[in-house]
Amino acid sequence: MRRSQRKQEEPDLGVLAGRTLFGLQRELFTRLGEVGHPDVRPRHGAVLAYLDEEGSRATDLAAQSGQHKQVIGTLVDELVELGYVRRQPDPADRRAKLIVPTDKGLDHMAKSDAILAGMEAEHARAVGEEAYAEFKRVFRLVADRHSGR
């Protein structure tokens with residue numbers, strides 16, 4: 001059996017994780033576009049998926065997303081330009097800046113959470129509630145193991 005055929009029939013964890021991520025992103029961002037957020041791209045998830053409603057430091061977003069601080073800075077610049085976030089002084093340390101969602105950013109975050117919850121409910125119905133809960137439990141264990149948690 002050729003390697004490519006074997007990978008299709010018995011995909012490894014990397015292939016499965018990639019297919020899951022890219023399929024999820026495709027569906028999520030298509031739906032977000034339909035509900036008023038057509039200008040946000042999957043790369044912006046490195047900021048928006050981890051952003052606290054009260055604001056987050058860029059260094060925290062970098063650590064949580066696994067991206068370099070410079071990448072986060074570029075993404076924040078794009079999101080500022082698009083009107084999703086703003087920078088403001090951190091009240092706990094005036095030298096630091098917080099990345100804070102705007103009303104548009106909060107709307108995006110709420111709609112994204114709702115869409116993802118709906119997608120997860122669809123998966124649970126398709127494979128069974130117990131099987132999906134177990135899948136998420138095990139997937140979280142594997143993900144945590146690879147992220148050093």
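The values are calculated or read from the model by the stated rules, or taken from the named source; none is laboratory data. Here the structure is a predicted model, which is why all the values come from computation and not from measurement. Backbone-built Cβ (ideal geometry, glycine too); neighbour counts: all protein chains shown.
Filter the stretch 95-110 down to residues that are aliphatic (A, V, I, L, M) and assigned to a strand (DSSP E or B), then give me how many there are. Let's see the steps before the verdict.
Within the stretch 95-110, the subset aliphatic (A, V, I, L, M) is 96, 98-100, 106, 109-110.
Imposing the further condition that a residue be assigned to a strand (DSSP E or B) reduces the set to 96, 98-100.
Within the stretch 95-110, residues that are aliphatic (A, V, I, L, M) and assigned to a strand (DSSP E or B) number 4.
What are the residues in the stretch 69-99 that are surrounded by fewer than 11 Cβ atoms within 10 Å (Cβ to Cβ) and modelled with pLDDT under 95, if any? Before you say what the answer is, go through the steps one by one.
Our first condition is that a residue be surrounded by fewer than 11 Cβ atoms within 10 Å (Cβ to Cβ); within the stretch 69-99, this holds for 70, 81, 91-95.
Listed by number, the residues that qualify are P91, A92, D93, R94, R95.
Can you find a residue that is small (G, A, S), part of a helix (DSSP H, G or I) and over 18 Å from the mean Cα position of the chain (by Cα) anywhere in the stretch 4-25? Yes; the residues of the stretch 4-25 include at least one that is small (G, A, S), part of a helix (DSSP H, G or I) and over 18 Å from the mean Cα position of the chain (by Cα). Whenever a residue of the stretch 38-56 is under 14 Å from A110 (Cα atoms), its partners that are at pLDDT 95 or above and not in a loop (DSSP other than H, G, I, E, B), lying with C-beta atoms within less than 6 angstrom and at least six residues away or across chains, give the pairs Y50/L61; L51/P101.
Kindly evaluate K111 against the criterion of being without any contact (Cβ under 8 Å) to a residue 60 or more places away in the chain and out of contact with any Pro (no Cβ under 7 Å at 6 or more places or on another chain). Spelling it out, it is not the case that K111 is without any contact (Cβ under 8 Å) to a residue 60 or more places away in the chain and out of contact with any Pro (no Cβ under 7 Å at 6 or more places or on another chain).
In the stretch 119-141, the residues that are over 15 Å from L21 (Cα atoms) reach residues that are in a helix (DSSP H, G or I) and acidic (D, E) with C-beta atoms within less than 8 angstrom, at least six apart or across chains, in these pairs: Y132/E120.
Examine the stretch 48-70 for a residue that is in a helix (DSSP H, G or I), under 29 Å from K97 (Cα atoms) and among the charged types (D, E, K, R), and state whether such a residue exists. If you could, list the steps in order and put the result at the bottom.
Quick first cut of the stretch 48-70, residues in a helix (DSSP H, G or I) only: 48, 58-65, 69-70.
Within this subset, residues satisfying the condition of being under 29 Å from K97 (Cα atoms) are 48, 58-65, 69-70.
Filter once more, so that each one left must be among the charged types (D, E, K, R): 60, 69.
Yes - at least one qualifying residue is present in the stretch 48-70.
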